[in-house]
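Data block below; observations after.
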Amino acid sequence: MEELRKRLGWADRALEPRKVPCLLTELADTGELALVRELLPLAFDRGPEVASIVRLAIARLVMPHLPELLPELDEWLRHPGPGLKGLSAWHVLETDAIAKLPFDSDADIAFVGLCASHWNGRVREAAVARLSSAHGGAELPFLLWRANDWVAPVATRARTAVVARITDGYAASFVRCIGLVARLALAKRNDLRDLGASIEDLLLSAGGRQALADGMQSSNQRIRRRCWELFEQRWKDVPIDVAEAATHGGDPVVRRLAYDVMLRIVEGDRRDRILEAALHDASAAIRSIALDCWIRSTSPLASEMIEASLFDRAPELRARARFVWRQRTGLEAGPSYREALPTARGSRLIGTIYGIGETGASSDVALIREYVRHSRALVRMAAIRAGWRLDRTAVQPLLIDALLHDTPAVAREARLCLEHVLPSLDQEELWRRAAAGVAVRRVLTMFRQLGKWDRLLYVLRALSTEDPDTVAFARGELASWNNGFNKTYVPLPAADRDRLLLVANRAATEGRDDLMRTVRFTIEHS
């Protein structure tokens, strides 16, 4: 921001008009919203040509974020920016300046809408009055938000303008503002629940049906989900082609709603195909619904689909499938997991490994040992958890190796397991094997579970290493240890005190004297 301010140069010189277009276009292309508050004064204290380009740049920065970020922008614009000195042209804005602003395009309307977030109530009212004369939909977010203004004339004028727009022709605009409507319904300053109810009635009417249908395919998650809910609530008959397309979308909530629609409409073999697709959905909630349907189904495919759920990634679905499988067949699932392991791939492999861990015996550790070194991190994590459940002693060396050398996620799984048996581990050997770098930091994290004096010993040792990242991490650990020190503990034995003081003296280097002095004092007097 400082560099951008220097380039704009409003602090000590006027912008050269010939340089303005290129510079402001470049700034608008950054998409940096923080520039808006810095640019606003230039829209009022420069010549018409410069001010016009500034307003366009501001609109380009703001419009991609409307209406979702309007509440935050509204709060933010009422306060002067940190780079502005004294009262800027924006701060001392008068109402007559609002009437002179151009009002021909959506960008012009957006700029006037920002003026409706001015700190001065008269300026806000003038901006709302100007916005009320627009009827293209771009003005609606600003009017909606000002309906909750703390100055009664501003709120009344804005609310009146919004009520006048609750018509079929504005349904699509209200859909785009559906997030703002939801926030206003929760407002405490003014009771706007009846306004929100009137807008919802519009969307649930025949005139709002097409707007809701279009909103169901919006790129905005909040709009998309709310439109699905309202459309189903009022119309029920979501077009089957729309529902089928939505089952392949990226939004799990909409996919679930779409599956509900499809399962309510279709029957026979097509229903089975839909349930089979749902059983392999990325969302566990959708897979759970599909499993419930298969459990109740009389289709010849039901047993096959329930068996497939034995290998699901979600533990609750595996458990439910095992229970139903045992009821239907009288068989345990353990042999199925062992038989499937050599050929399983992808998510089925992960579910198979977890299944062996949940149903197997200690002898089954031999089956999954190799998967602790699998190329996929998720498979390694599954093997760590499963092996730990089957035989802690047998997999402990593999977990230590994963803790020291594997990726962060896999190392975390290993650490969470090893923390349960930390007192029985050879801590000195573990520290020696960590050697340096990220391994030391992981071991220090695990050693938080040690007694306070044992933990302190290793933190002080880490401060003496040559790796700056490890030293910085150990510095944070030492501060945490010192802040959490409890003087009611049993006093420190003299031999341990001498040992800790020796290590502390080695770790005491320039830049750490204050904290180390405090720690040494704590050691000496404990």
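The values are calculated or read from the model by the stated rules, or taken from the named source; none is laboratory data. Just so we're clear, the structure is a prediction, and the values are computed from it rather than from any experiment. We place every Cβ from the backbone using ideal geometry, glycine too, and count neighbours over all the protein chains shown. Heavy atoms of the whole protein, side chains included, go into the accessibility calculation; ligands, DNA and RNA do not. Shrake-Rupley method; radii C 1.70, N 1.55, O 1.52, S 1.80 Å.
What figure in square angstrom, to the nearest 10, would you give for the accessible area of GLU428 with a 1.4 Å probe?
Approximately 80 Å² for this residue.
Can you tell me how the range 352-424 classifies by the Cα gyration tensor, rounded, prolate or oblate, using a/c under 1.5 as the rounded cut?
Cα axes put the range 352-424 in the oblate bin.
Among 316-329, 378-391, how do they line up from the highest to the lowest mean number of other beta-carbon atoms within 10 Å?
With the highest mean Cβ count within 10 Å placed first, the list reads 378-391, 316-329.
Consider just the alpha-carbon atoms of the chain and return their Rg together with their Dmax, both in angstrom.
Reported Rg and Dmax, both Å: 32.4, 86.
In whole percent, how big is the carbon plus sulfur part of the accessible area of the range 172-321, probe 1.4 Å, protein atoms only?
Its accessible area is 50 percent carbon and sulfur atoms.
Just read off the accessible area of GLU276 with the full protein assembly in place, 1.4 Å probe, to the nearest 10 Å².
Surface open to solvent at GLU276 totals about 70 Å².
Using Cα positions and a limit of under 14 Å, work out the aspartates and glutamates in reach of LYS452, with same-chain residues fewer than 8 apart set aside.
Within reach: GLU477, ASP496.
Given a 1.4 angstrom probe, what's the average accessible area per residue across the chain, in square angstrom?
I get 49 Å² per residue for the chain.
Under 19 Å Cα to Cα from LYS236, which aspartates and glutamates show up? Leave out anything in the same chain fewer than 8 places away.
GLU200, ASP201, ASP214, GLU244, ASP260, GLU267
Please enumerate, by chain and number, the aspartates and glutamates with C-alpha under 16 Å from the C-alpha of LYS100, excluding those fewer than 8 residues away in the same chain.
Hits, sequence-local ones excluded: ASP45, GLU49, ASP108, GLU125.
Averaged over every viewing direction, what's the projected area of the C-alpha convex hull for the range 161-316? Give it in nm², one decimal, please.
For the range 161-316, the mean projected area of the Cα convex hull comes to 10.9 nm².
At 0.36 nm per residue, and after removing the present C-alpha to C-alpha distance, how many nm does the segment from ASN482 to GLU466 gain when stretched out fully?
3.5 nm
Would you please put 130-138, 44-52, 177-185 in order of how densely packed they are, using the mean number of other Cβ atoms within 10 angstrom per residue and starting with the highest?
177-185, 130-138, 44-52
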